[in-house]
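Q: Take a look at this one; I'll ask things after.
The values are calculated or read from the model by the stated rules, or taken from the named source; none is laboratory data. The shown structure was predicted, so the numbers you read here are calculated from the model rather than taken from an experiment. Here the Cβ positions follow ideal geometry from the backbone for every residue, glycine too, while neighbour counts run over all protein chains shown. What goes into the accessible areas is simple: the full protein's heavy atoms, side chains included, and nothing from ligands, DNA or RNA. Shrake-Rupley method; radii C 1.70, N 1.55, O 1.52, S 1.80 Å.
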Amino acid sequence: MAKNKKAYNIELIDHIYNQVPAFTDVFDEETWYIFVAFFVIGTIFIAVVLSRFVTIRPVGG
């Protein structure tokens, strides 16, 4: 039973792996740099916006 389950798990992982596109299928060098630039700018923007609304106070006193 355990051997059959292990074979099923390997088949499932292999099926999922085949459905996900490879990194080179999604990005070339130029689109990767554009993605990273927007990701960094977006992360900084979100951090600035959240810093206006979230205040961290020490617990206790």
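Q: On C-alpha positions alone, give me the angle between the axis of helix 29-53 and the longest principal axis of the chain, in degrees, nearest 10.
A: Approximately 50 degrees, to the nearest ten.
Q: According to the Kirkwood expression over distinct Cα-Cα pairs, how big is the hydrodynamic radius of the chain, in Å? If you can, show how the numbers build up before the last one.
A: Values: mean 1/r = 0.0611 Å⁻¹.
Computed over the chain, the radius equals 16.4 Å.
Q: Report the extension gain between Thr43 and Leu12 in nm, rounded to one decimal, defined as 0.36 nm multiplied by the number of residues separating them, less their alpha carbon distance.
A: Working: separation 31, 0.36 × 31 = 11.16 nm, distance 3.40 nm.
Here the segment from Thr43 to Leu12 would lengthen by 7.8 nm.
Q: How tilted is helix 2-19 with respect to the longest principal axis of the chain? Cα atoms for both, answer in degrees (0 to 90, nearest 10).
A: Computed tilt is about 60 degrees.
Q: If you don't mind, there's one more thing I want to ask. Would you work out what percent of the accessible area of the chain, with all protein chains in place, is carbon or sulfur (probe 1.4 Å)?
A: Numbers: 4330 of 6340 Å².
Roughly 68 percent of what the probe reaches on the chain is carbon or sulfur.
Q: Next up: At what distance in nm do the modelled label points of Gln19 and Val59 sit from each other, each positioned 7 Å from its Cα along Cα→Cβ?
A: Calculated label separation equals 4.0 nm.
Q: Provide the per residue accessible area, probe 1.4 Å, for the chain, rounded to a whole number of square angstrom.
A: Numbers: 6340 Å² over 61 residues.
Ligands and nucleic acids excluded, the figure is 104 Å² per residue.
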